[in-house]
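What follows draws every value from the coordinates through simple rules; no lab data is involved. Since this is a predicted model, take the numbers as computed values, not measurements. Methodologically, a virtual Cβ is constructed for each residue, glycine included, from the backbone with ideal geometry; neighbour enumeration extends over all protein chains shown.
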Amino acid sequence: MTDSFAQTSAPVTELAAASQSAPPQAGSGALRRAFGIACGVLLSIGATYVVPGLGALRPWAPGSGYVPFWNVIGRELLGEGEALAAEAQKLKELQQKTELPAAASAKVRERSARPARPMFPAYTPEARIERPEQTIEFSEALEGYFTKLTQVDLGIDGAIARTGHWGDSVLGMDGITSGIRRRLQARFGDAGHGFHLIDRYHPSYRQQGIEFSAGGGWEGCLVIYECRAKQDRRYGYGGYVVSSDPWSVASAVYTTPKSGFGSTVSTFEVWFQRQPRGGKLELSIDRQEKVVIETRSEVIEDGSRMVYVQPGPHTFTLTAPAGGGPVRAYGVVLENDGPGVVWDGMALIGGSTRGLRTQDDEHIEDQVRRRGLDLIAFQFGGNDLARKYVDLKHSMQPYYDEYGEVIRKFRAGRPEASCLILSVIDHGERKTDDRIVTKSFVKPLVAAQREVARQNGCAFFDTFQAMGGEGTAARWYRSNPRMMAPDLGHPTGTGHEVLAGLIAHALLYDYDQFRSRMAGKPLPLPAEKAPEKPPIDLDALPDVPPAAVTAQGAAGEPATRAGSEP
Amino acid sequence: MLFASFDFLLFFAVVFAGYWALRGQFVLRALWVTAASYFFYMGGSKPVDGPLPTPWYFAGLLLFTTLTSYLAGLGIAAARERARSRGEPLGPEQRYGQGWLFLAVCVSLGLLGYFKYVGFLSAAVNQGAALAGSGPWLPASAPLLPVGISFYTFQAVGYVIDVYRGRSPAERNPLRFCLFLSFFPHLVAGPIVRASDFLPQLDRPLRLDRDELDQSLFRIARGLVKKVVFGDFIAASFVDRVFASPAEYGSLENLLALYGFTLQIYCDFSGYSDIAIGVARLLGIRFPENFDRPYQAVDVADFWRRWHMTLSSWLRDYVYYPLGGSRLGPGRTYLNLWLTLFLVGIWHGAGWTFVIYAVLQASAMVFNRYTRHDGVGFFGRIGRGLVSAGLVFGLSAAFGKLLVDLSSPWTLGGVGAAIAFVLAILPRSDAVGWLRPLHILITLHFSVLSRVFFRADTLDAAREILKKLVTWDGFGVRTGLFGNEALSELLRGSRLSWASPVADWCVLGLLVLGFALHYLPAAPFERAAQRLTRESPAVLVGVGFALLFGALGLLLAGPRANIYFAF
């Protein structure tokens, strides 16, 4: 039997033999030729300094930062090593400071009865929040949201603080938004995951904690592509509307985690569009109960259908069967009865405020109202950086106008909701001399976003400055683990966590301040039944097996009734 | 120091000139090149990407290992001398100086173990403690990994074992030994050179003829092209982007990144080896080959005979054979093979991803041997096929459930079992020649897929990539993913603006070209290139080299460390 592994050495022994049998022969021209080659290299290098067109090929240019034999000269003699070590230490501290402990879980809050004379009580937090290096500017604009957070904090029955956070690819993977969600839910309580689209339109669209799979059969349209500009301009709350192919089955399956954040669901809501030729949507819960949702209507209008289930983890399957009419849908909402926090993440990959403007006014107004938001947050700008050379070359006025228009459109649905603008994050670029620097338009854009916030009564968080300001992309890219992706414009998972930590910290700090100064003042309470919630349609009970019907909802209502908007 | 850097060009020009100027004076020349080697080790370039080189004072470890091994060699030789003076036999079976051997191996492997594995092991123990509901049992530790420690440690240990076995004489000249261990062309990333190959070459007359010069230069140029164009450029433009956040890319993009990495790592390491071999030849030293077109391998055993050959042969000689090789029966042979290949895998790094990589490679090696069918008839093959399929089904399903976190791992198990069954009953490629491409294809894809664990930064990232591959999302490839912005801008701003669309697809083109070149016969290309080098005037060859270094600046933001520096 031959030994397969033993054959490995053949080339080594052969070469050893070769080296013994063929020693280098004498040749007087070899060194002369080597000298000629060295001259060729030197001449070429010299040419790059003499011929202007070859400047890009220079191995070294003044001010380029190149230090030969860096590990000895640059690192030790010029002290760059110490500077890099200090930078790494600072980033490590930043990560530690913004880290959510692995064992963190959603706060379980006992519900309390509505007080007869509601007042802000004296505030005695478990631990005071340290003032962050970067606080929220114009934070008085967040008082509405903080009031709702107070209601949640006091455990008032039915209090849920909802945020809709729209942004570009910086919100991809639900990285920043899930980080904020977990931090606030760990502090105030978990009222559920929140909003989720019907289909994934991009690999970067993901909602952390929800296991999602789409069975195909959906055709989608993202608001930034303006693909419904000539139709109804209705793209939904999440900016992405899907239509089912009437001739094939389309499906989407949502499974909540067995434990941890977002695991308790007591209401599942489907958001769709009624239309004259609309088909039926079937919703099954835990692959058993089935609710049929009719989307046919004489006029085009938005609808939603809420199903109450026993609080806990569930699997929801939405199916648009073949053979019916097309179903057009916007998304689903997974929540429980609270009290707690919900933070919806709406990542519009490639998006900008310019793209958001194309939503139909009444439609987006209705969507925001329907969601009952307490805070409307925007985080755009990454895709506006190239406009430095186009329409924002001379003036930022077009940007103020378009951003302001978006804010007004969205807030029209919930005028009482607070508004928060988060600035663009740092974006780096490599210069020809290898340095990574902040793109020159980042700072003007941040300033413009601050101005937009000021003009529109929104709070403002300077994310760029909070993450470290000028040169952050380079530092984050160099860090270990890397916090910025190689494209220097998108944070990695670690970077997302740090950003989420910075934003959540700033919010919690301002909440602390708000509570301290509001002690003894009247506290508005949420309505007994949230007006934006559809009334329960008792006649529209689904085909539900009795086992599921027996449970009682947290609010004392039968748990498995389907509600639909009249 | 990085070979593909301007630093190295400066360094080598001086070293080469000094080396040949001192060609008649061995001691001065050896001192010169040893000092240069230590400077090479300490004066690393600042890479544009990835971790920084370890600080210069880590050269102390190299010096310490050198001293220990040198003294151990002398100690063993003295023990043998004493035995000789006592009239004891000195055949290959007689061993003397166990204490010295133990000391040298413990010191060398102890240092390697501490710097390379202690961080991982302490983290693993603490993870176990956390699972048991306890606090950390060991203090957290993450020592810096000194560049090249895996390579020079193996060389030092191999030398001491050879002296102990009586296969090599102990080197009495400390300068020669120091030069052997620190010789800069092999110092930081191999090839792993044996003392018995290296030291005798120091005794030969030092000469360099024109053919040797041209062949060496060709080898260096080939290595530079492999390293810079097919290795670093593909990595910087495409592979690194995907692996930085695999979840943000689609299934096809992740798969293509895996192909990209498969090509990148080969070109990176074999390119480095080419440069090392070429540079050493310019100094009159021959190194063993390290690669032999590994992606043409027909099975896993063949792959490891072609990939990092000096490591495979080292482990064969110093681990597999001492364990008994294939002499102790089939069961022991399987165990020995598994252990050896596991060590090959784990040598590459410390972390759960590398443990899985090592287990996969070792298990594939065992599977490969089990299904070789030496003297096994048709029904025997079917039987082995069924056994293999059953085992692979269970392992794949467990892998899918536990590692990839699939809700339904049975499909993966079924696919794994089917492939295992086909492989098990398939005649060997040397028996049925037309099946060779199929064997190559399967071996290549095993290599590609196992690279997930080699490349992924964390186990979570590896899981994410595998999930992408198993639950195919059909997103396709986004625009611009295969382009290079800097190159595109450069072309647009030049007279070659018409060629800028090429820059938008250049990475994909290079990927296809790289694999095509790997499978095409090399000899005609190499002959033509060597003739061109030989017949070109020296100055023109110099200009060509300068252009190669210019490409480094144009295609990349700066020099990038070799992947194997991290091992």
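Given the pairs A:Lys148/A:Lys521; A:Lys92/B:Lys46; A:Lys393/A:Lys431; A:Lys97/B:Lys46; A:Lys90/A:Lys388; A:Lys258/B:Lys467, which are separated by over 23 angstrom at their Cα positions?
Among A:Lys148/A:Lys521; A:Lys92/B:Lys46; A:Lys393/A:Lys431; A:Lys97/B:Lys46; A:Lys90/A:Lys388; A:Lys258/B:Lys467, the Cα-Cα distance tops 23 Å for A:Lys97/B:Lys46; A:Lys90/A:Lys388.
Dipole of the range B:54-206 (Lys/Arg Cβ +1, Asp/Glu Cβ -1, origin at the Cα centre): which of B:Leu179, B:Leu62, B:Ala123 lies farthest to the positive side?
Farthest along the dipole direction, towards plus: B:Leu179.
Sort the range B:406-519 into rounded, prolate or oblate with this rule: let a ≥ b ≥ c be the square roots of the eigenvalues of the Cα gyration tensor; rounded if a/c is under 1.5, and if a/c is not under 1.5, prolate when a/b is larger than b/c, oblate otherwise.
oblate
Could you please report the charge total around A:Val342, scoring K, R as +1 and D, E as -1 over all other residues with beta-carbon less than 9 angstrom from its beta-carbon?
-1
Fewest to most neighbouring Cβ within 10 Å: what's the order for A:Trp343, B:Trp498?
B:Trp498, A:Trp343
Would you work out the charge dipole size for the range B:54-206 about its Cα centre, treating the Cβ of every Lys and Arg as +1 and the Cβ of every Asp and Glu as -1, and quote it to the nearest 20 debye?
260
How many angstrom lie between the C-alpha centres of the range A:269-313 and the range B:425-459?
Using only Cα atoms to place each centre, the spacing works out to 48 Å.
Sum -39500 (n - 2.57) across every DSSP H segment of at least 4 residues in the protein assembly as shown, then divide by the residue count to get the 222 nm mean residue ellipticity, nearest 500.
Helices in the protein assembly as shown give a 222 nm mean residue ellipticity of -15000 deg cm²/dmol.
Quick check: from the Cα gyration tensor, does the range A:52-97 come out rounded (a/c under 1.5), prolate or oblate?
oblate
Checking a compactness column here: for the protein assembly as shown, what do you get for Rg(Cα) / (2.2 N^0.38 Å), N being the number of residues?
Normalised by 2.2 N^0.38 Å, the Cα Rg of the protein assembly as shown equals 1.05.
Let me test this: with uniform point scatterers at the alpha carbons of the range B:54-206, what is the Debye-based log₁₀ I(q)/I(0) at q = 0.12, 0.13, 0.21 1/Å?
Reported log10 I(q)/I(0), two decimals: -0.60, -0.67, -1.24.
Can you compute 3J(HN,Hα) from phi for each residue in the range B:193-209, using the Karplus curve 6.51 cos²θ - 1.76 cosθ + 1.60 with θ = phi - 60°, rounded to whole Hz and x for Gly and Pro?
Going residue by residue, I get 9, 8, 4, 5, 8, 7, 4, x, 5, 6, 8, 7, x, 8, 9, 9, 9 Hz, with x marking Gly and Pro.
Using amide H atoms built in the peptide plane, which far-off residues or other-chain residues are under 5 Å from A:Cys419 H to H?
The list, which skips near neighbours in sequence, is A:Ile376, A:Ala459.
If a/c stays under 1.5 just call it rounded; otherwise compare a/b with b/c (prolate if a/b is bigger, oblate if not). Do that for the range A:328-427, with a ≥ b ≥ c from the square roots of the Cα gyration tensor eigenvalues.
Prolate shape, in that a/c is at least 1.5 and a/b is the bigger ratio.
Among B:Ala244, B:Ser5, B:Gly99, pick out the residue whose Cα is farthest towards the positive end of the charge dipole of chain B, where Lys and Arg carry +1 and Asp and Glu carry -1 on C-beta, about the Cα centre.
With unit charges placed on the Cβ atoms, the residue in question is B:Gly99.
With only Lys, Arg, Asp and Glu charged, each at its Cβ (+1 for the first two, -1 for the last two), find how big the charge dipole of chain B is about the Cα centre; round to the nearest 20 debye.
Once rounded to the nearest 20, the dipole reads 1260 debye.
Please report B:Arg204, B:Arg306, A:Arg234 as a ranked list, fewest other C-beta atoms within 10 angstrom at the top and most at the bottom.
By the 10 Å Cβ count, ascending: B:Arg204, B:Arg306, A:Arg234.
Counting other C-beta atoms within 10 Å, which of B:Tyr321, A:Tyr49 has the fewest, and how do the rest follow?
A:Tyr49, B:Tyr321
Just checking the output field for B:286-293: average partner chain Cβ neighbours within 10 Å of each residue's Cβ?
The shielding value for this peptide is 4.
Nearest 20 debye, what's the magnitude of the dipole of chain A about its Cα centre given +1 on Lys and Arg Cβ and -1 on Asp and Glu Cβ?
Magnitude of the dipole: close to 880 debye.
Could you work out the local net charge near A:Ile407, counting Lys and Arg as +1, Asp and Glu as -1, over the other residues with Cβ closer than 15 Å to its Cβ?
Residues close to A:Ile407 contribute a combined charge of +1.
Just to verify a number: FRET efficiency for A:Glu143 and B:Ser408, C-beta to C-beta distance, R0 = 41 Å, to 0.05?
0.25
Charges on Cβ only, +1 for Lys and Arg, -1 for Asp and Glu, centred on the Cα centroid of the range B:54-206; of B:Ala132, B:Tyr114, B:Ala72, which one is farthest towards the dipole's positive end?
Going by the charge dipole, the pick is B:Ala72.
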